[in-house]
Structures are given as C-alpha cells and as structure tokens.
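This report concerns only the one structure given below.
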Amino acid sequence: MHQAIGKKIDPLITWRPEYCKRCFTCINICPVKNLMFQDDEMVSLGKCIQCQLCEKYCPDFTIEVPPRKEDKK
Amino acid sequence: MKRLIMGNEAVAMGALKAGMTFFAAYPITPASEIMHILAEKEGEIVFLHAEDEIASIHLVIGGSLAGRKAMTSTSGPGMSLKQEGIGLAHMMEVPLVVVDVQRVGPSTGMPTLPSQGDIIQSIHGSHGDYNPIVLYPSSVEECYRYTIEAFNAAEESRSPVVLLLDGFLAHLSETVDLDRVSVEIKPRTLAPLGHGKRHFTGLLAKDGVPLTKDSLYYREWYGRVKTKMLETAMNYRFYEYLKNDQADTLLIAYGIVFRVILPLKKEFSLFKPVSLFPVLEKEIQAAASGHKRIVVIEMNDGQYRGEIQKVLPREVLGISVLGGTISLKEIRERLHDL
Amino acid sequence: MIYKDYVKWDRMPTNWCPGCSIGTVFRHLTLALEKAAVPREQMVVVSGIGCSGRAAGYFNVDSVHVTHGRAIPVAEGIKRSNEKLKVIVFSGDGDLVGIGGNHFLHSARRDSDIKVICINNGIYGMTGGQMAPTTPFGEKTLTSPFGTSYAPLNIQGIVTSNARYWYARTSSYHVNHLLKCLGEALEWPGFAFIEVMSFCIENFGRRQGFKNGFDMLFKLKQDYKLNPKPDGLLKNHELGVVKNVGQAS
C-alpha cells in the first residue's frame with residue numbers, strides 16, 4: 001500500500017489528515033508562522049519559504065514541502 | 001563403528017547430524033559437555049558462548065529466524081531463565097531445540113546429582129497456554145536418535161521442542177554404533193529473514209499486524225496453533241512397551257529410571273514414554289487396560305503421575321525417588337510395600 | 001529506492017502520542033537507509049518492548065519485535081546466522097540499557113556487527129512514567145515521587161570502555177546531526193550505538209510542567225550543544241560522535 005495522497009493546502013504544501021495527530025509541532029517550528037489550524041483543518045497563510053522544517057520535524061509523515069529550486073542542485 | 005560415547009556427546013553429535021548450524025549456550029552443570037564438544041566445531045557451525053541463559057535462547061531465536069537450525073542446552077536453573085524465550089518462540093512460531101539436562105532443585109539445589117524435576121516446567125514454564133512437544137530418551141543411542149527427532153519435530157511444528165535428559169543419562173557412557181542409527185532428517189520449514197516485509201512479533205498478530213484487543217481472534221489463533229501442535233505430535237509418538245502376561249501391575253517410567261527398573265520386567269509390565277508431551281493418551285490407556293495397578297516411578301514428587309492421572313479414569317500410584325540417588329533394591333522394596 | 005519504500009503505509013498512523021519524537025527518528029532512519037541505499041531484502045529491524053519498540057512493525061522490511069530487553073541478543077543471533085543482513089536495533093533506553101543491560105554490555109564487548117538506535121527519553125513511557133536507569137537525578141516520577149536519588153547511567157562510558165567502539169549522542173531536535181549519525185552508523189563495521197536524546201511528553205513532560213511536545217523539543221535545543229570534534233569523550237549536554245578503530249586487545 002502507498003502513502004495517502006493528502007490535500008494541497010497551498011501550492012507548495014501537502015497535508016495528510018489521515019496521519020495527522022494534531023501535535024502542533026509544525027505550527028510551532030515554522031519560522032514564518034505560516035501554518036495554523038482552522039476548524040480542525042490545517043491552513044497555510046501563503047508565506048511558505050520552503051525551509052522544510054515542518055516536514056523534517058513531523059513525526060507522522062503528515063506534511064510534505066518540495067525543496068527550494070536552488071537547493072535541489 | 002562402535003565407540004564409547006557419553007549422553008551429552010550423543011546429543012551434540014545428533015544435533016550435528018540433524019543439520020544444526022547455530023548453537024548458543026551458557027555453561028551449567030551437568031550440560032556443559034554439549035557446549036565443549038560443539039565449541040570445537042566453531043567455524044563449521046556458529047557457536048556462541050552467551051553472557052547468560054536468557055541471551056542464549058534469544059540468540060538461538062535470532063539464529064533460527066535467519067535460516068539456521070538452532071539449539072541451546074541448559075539445566076534446570078537455566079531452563080527457568082529461558083522460559084521467556086520459549087514463550088516468545090511459541091508465539092512467533094520459531095523452530096528450535098532446547099536441551100534440558102535436569103538436576104536436583106529448586107534453585108541451585110544439588111548441581112551434580114540427577115533429577116527429573118523439570119517435567120512440568122518443560123510444558124508450563126512460560127506464561128499463557130501452549131502445547132510443546134517434549135522428548136525424553138533413556139539411553140545414549142536414544143539421546144542421538146531423539147535429538148534428531150527433536151529437530152524434525154521442531155521443523156514440522158515450527159515451535160521450540162524440549163529434549164529432556166537427566167544428569168545421570170548425560171554422563172552415562174555406553175558403547176554404541178551411531179552409524180547404524182538411521183533417522184530421516186526434515187528440511188527447514190521457515191523461510192529465512194530477508195524477504196522484505198514480514199513482521200515477527202511476540203504480540204498476538206494477524207499477518208504481522210498486532211491485534212492486541214481481539215478476543216475472538218485470540219480464540220481462533222489459539223485453536224489453530226493447538227491443532228497444529230497436536231497433529232504434528234501424532235508423527236512423533238515414541239514409546240516402548242514391555243508386556244508381561246503374568247503381571248498385574250504396570251510400571252511407567254522414563255529416562256534413566258526406566259533403565260534402572262529394566263530388570264523388573266520379569267515380574268511387571270513396563271511402559272516407557274519417550275514422547276512425554278503431548279501425553280500418549282491412547283497408548284497408555286491401552287497398556288493400562290489389562291492391569292490391576294499402575295505405578296509411575298520417577299525422580300520427582302509425582303509430576304508425571306499427575307499428567308497420567310488426567311488421562312486414566314482410575315487411581316495411579318506413584319513412587320518418588322528423591323534426592324538424586326536411585327537404587328533398584330529400594331524401588332523393589334517400595335513396590336512391595338505399596 | 002526512496003525513503004517511502006521503507007515504511008509500511010497501511011499501518012500508519014503510528015500508535016505514538018501526538019508530538020512524540022520517536023516518529024521523527026523513525027523518519028530520519030528511513031532517510032538514512034535511502035542515502036545508504038540498503039536493499040529492503042538485505043536488512044532486518046529488531047526492537048524490544050516499549051513505545052519505540054513498536055517501530056519494527058512500521059518498517060516495510062523483515063522485522064522482529066521481541067520480548068522486553070532482548071532485542072540485542074536476537075539481533076546478534078540474526079547477524080551471526082546470516083552475515084549478509086544489515087541488522088538494526090531500534091528500541092528505547094529502558095529496554096536496551098535497563099532490562100537488557102547485560103546483553104548491551106556483552107554485545108558491545110563482542111563488537112557484534114549490529115547498529116543500535118536507542119531512543120533515550122529518560123523514562124518508562126509506555127507503562128505510565130516510572131523511573132528509568134537514565135532518568136536525571138532528582139526528577140520526580142511515579143516510582144520516585146520524592147525525586148530520583150540515583151545518578152543516570154553513563155551509556156557513553158560503557159560503550160567506550162571497549163577496545164573498539166562507535167558511539168554517537170544526538171537528539172531529536174538536531175535532525176541534521178541525527179541523519180549524519182545514522183548514516184555513519186550504517187557504514188561502521190562493528191557495534192555502533194546511537195543514543196538519541198528524546199522526550200516523553202505524556203508521561204514525563206506534563207508532570208514537569210511542559211505543555212506540549214514542541215516545548216520539550218525546544219528544551220533539547222537549549223540543553224544540548226553540538227561538539228563536532230570532541231576532545232576525548234563527550235561532556236554532559238554535548239552531542240557528537242566518539243569512535244575508536246583499535247583492534248580488540
């Protein structure tokens with residue numbers, strides 16, 4: 001079986017509500033305070049700088065953010 | 001070729017014959033000789049002198065999971081420590097052989113003297129319900145033969161099989177020709193680790209997914225495992241029955257005690273179970289039918305007598321030979337006094 | 001093979017509490033495996049009992065979940081039985097150095113080729129928060145209601161007392177260091193021990209006054225400092241790698 005597809009809450013951010021335990025680690029770790037919960041749904045304020053800290057610290061493979069273009073090479 | 005061989009040595013040779021290539025144990029009187037002999041085979045087999053008894057049984061579980069026929073040896077105090085691993089091996093269905101050379105207990109007891117005190121421990125030592133196969137040879141040649149059979153039973157049932165010995169038998173030297181013993185050797189049944197996605201767990205699990213709160217599944221699982229064990233055990237029903245048409249008393253004894261009372265066959269019928277567990281219900285009932293009295297003679301306080309009493313709807317008498325010394329004269333006198 | 005191939009997705013979400021950092025370590029181990037390109041058919045994960053012990057079942061590789069404290073001997077048995085397998089032990093501090101302390105001591109001495117990842121949260125989390133051998137001095141737990149009166153176990157001291165050793169202390173906050181350590185451990189030919197400083201929010205942190213997992217994660221950032229080139233052994237509150245390639249004497 002494959003990973004759940006998840007929702008695009010932002011062109012950059014994929015969030016998988018099936019795995020999310022609402023621990024708020026991503027919200028707290030985000031350096032630009034981009035993420036928040038609204039009615040039990042994660043929303044993005046569109047400020048994502050693709051630092052990927054939320055993805056790195058998420059204990060449940062819930063968030064995915066692609067790396068910045070210049071980081072890729 | 002005929003050779004003078006000790007019981008422990010015959011166990012080690014039987015294990016090698018059966019294709020055992022993984023051995024881990026901790027030294028303990030009177031089982032250490034098995035280790036000594038197998039230590040010299042290091043290189044041909046994986047030999048590990050573990051840091052303790054618990055480690056040795058778990059090393060053996062790992063060795064067996066990774067694809068080798070595996071064995072450990074111990075005595076009563078070590079057997080008590082190994083119970084955790086034996087329970088785990090029953091839960092994960094890992095084939096392996098545990099040799100228990102019994103000595104007088106409880107605890108350190110009388111380390112150098114023989115006993116048969118681990119009968120109940122070998123089937124009920126670990127917590128929970130399980131139905132192990134237990135074999136108990138009574139001669140050096142049988143030590144060799146039934147070590148091989150123990151490996152076969154372990155492979156066929158995918159469970160830990162206990163081979164019981166006593167300190168007497170383990171150190172008994174007899175001239176035997178092991179080349180003439182022919183036993184079929186069963187191949188491995190458990191696919192070794194390295195498949196990619198199997199999960200072995202000590203938890204109740206279905207296809208690798210733990211189901212720790214499903215009572216109905218537990219009943220289904222236990223029924224399946226119990227049936228598997230009892231069906232496999234049907235292929236491993238070893239015993240010896242010396243019927244004496246004049247006798248009105250049937251003596252049941254196993255291990256070294258059977259050898260000691262063998263001269264009594266002129267006066268009594270003798271029955272020797274080699275497969276102690278599961279109990280040879282039909283064979284014992286059939287042997288008991290023509291006899292007025294049934295007497296179980298053993299070097300413990302009636303552990304196997306209780307098991308026989310469960311399958312016979314009549315009184316079973318017992319003679320307990322305690323303290324590690326056994327003499328035919330004493331048994332004869334006590335039979336007379338019964 | 002990418003890291004997602006090492007995860008059993010049908011078993012997600014894991015049974016760990018919200019905010020528990022075991023998941024972070026789990027994730028970084030899959031990343032390290034991706035980097036080291038370990039084939040799934042040539043590795044085995046063994047774990048014992050406890051929260052972190054459940055990790056074995058979440059790996060999409062052959063895995064073994066054994067009784068309390070016995071992960072190291074089972075792993076060693078597997079490794080000695082089949083040298084081709086890469087054997088990883090993923091378990092907690094209570095399991096590996098508490099009840100399994102003797103096995104840890106001797107497997108390290110025998111320098112058996114297994115990689116041990118020890119999630120050190122300083123508490124017995126799964127059973128409700130009892131004192132562990134790694135609980136800091138003076139902490140109140142269920143079994144030390146007046147504060148522990150013993151010093152925590154010096155794991156580094158035990159590993160480094162051998163002639164040949166590889167020991168890393170890292171934390172679940174310092175994830176880049178964690179990833180580097182995991183990668184290095186997978187390459188090390190011998191007994192490698194990674195102590196990942198971690199936390200238990202539900203059964204330890206709440207009693208100490210932490211509100212959520214992130215608060216404890218931030219505490220790790222404050223408490224621990226990286227030491228890329230340690231002079232001798234690591235001091236308390238230092239993270240780094242110490243190793244010695246010396247032959248067994």
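The values are calculated or read from the model by the stated rules, or taken from the named source; none is laboratory data. Worth saying up front: this structure is predicted, and the values here are computed from it rather than measured. For neighbour counting, all protein chains shown are included, and Cβ atoms are generated from backbone atoms with ideal geometry for every residue, glycine included.
Things to note:
- Filtering A:C26, A:C51 for residues that are surrounded by 18 or more Cβ atoms within 10 Å (Cβ to Cβ), of a type in the set (A, V, I, L, M, F, W, C) and closer than 25 Å to C:F199 by Cα leaves a single hit, A:C26.
- Screening the candidates C:F26, C:F59 for the property of being facing chain B (nearest Cβ under 10 Å), within 30 Å of A:T25 (Cβ to Cβ) and among the aromatic types (F, W, Y) yields one hit, C:F59.
- Residue selected from region C:1-23 under the condition more than 8 Å from every other protein chain (Cβ to nearest Cβ) and not charged (D, E, K, R), by the criterion nearest to A:E18 (Cα to Cα): C:N15
- Residue in region A:44-60 that is at positive phi and more than 14 Å from chain C (Cβ to nearest Cβ) present: yes
- Region B:16-66, residues that are of a type outside the set (V, I, T), at the interface with chain C (Cβ under 10 Å from one of its Cβ atoms) and either within 18 Å of the chain's Cα centre (by Cα) or part of a helix (DSSP H, G or I) (or both): B:A24, B:A55, B:S56, B:H58, B:L59, B:G62, B:G63, B:S64, B:L65
- Selection within region B:181-226 - modelled with pLDDT of 95 or more, over 22 Å from B:S64 (Cβ atoms) and among the hydrophobic types (A, V, I, L, M, F, W, C): B:L216
- Residue within region B:74-91 that is away from chain C (no Cβ under 14 Å), acidic (D, E) and at negative phi present: no
- Residue check, C:R70 surrounded by 24 or more Cβ atoms within 10 Å (Cβ to Cβ), charged (D, E, K, R) and under 26 Å from B:Y26 (Cβ atoms): yes
- Odd one out for C:V38, checked against (1) more than 7 Å from every other protein chain (Cβ to nearest Cβ); (2) of a type in the set (A, V, I, L, M); (3) part of a helix (DSSP H, G or I): (3)
- Listed by position, the strands (runs of 3 or more DSSP E) inside region B:101-207 whose residues that are more than 14 Å from chain C (Cβ to nearest Cβ) and in contact with a helix residue (DSSP H, G or I) (Cβ under 6 Å, 6 or more places away or on another chain) number at least 3 are B:160-166.
- Residues that are surrounded by fewer than 24 Cβ atoms within 10 Å (Cβ to Cβ) and in contact with a Pro (Cβ under 7 Å, 6 or more places away or on another chain) are absent from region C:36-50 altogether.
Condition check ((1) aromatic (F, W, Y); (2) within 13 Å of chain B (Cβ to nearest Cβ); (3) part of a loop (DSSP other than H, G, I, E, B); (4) buried (at least 20 other Cβ atoms within 10 Å of the Cβ)) across all residues:
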site	(1), (2), (3), (4)
C:V89	no, yes, no, yes
C:H106	no, yes, no, no
C:V116	no, no, no, yes
C:F137	yes, no, yes, no
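- Pairing each residue of region A:1-25 that is at negative phi and at the interface with another protein chain (Cβ under 9 Å from one of its Cβ atoms) with any residue that is part of a loop (DSSP other than H, G, I, E, B) and small (G, A, S), provided the two are 6+ apart or on different chains, yields C-beta distances under 8 Å for A:R16/A:A4; A:R16/A:G6; A:E18/A:A4; A:E18/A:G6; A:Y19/A:A4; A:K21/C:G19; A:C23/C:G19; A:T25/C:G19.
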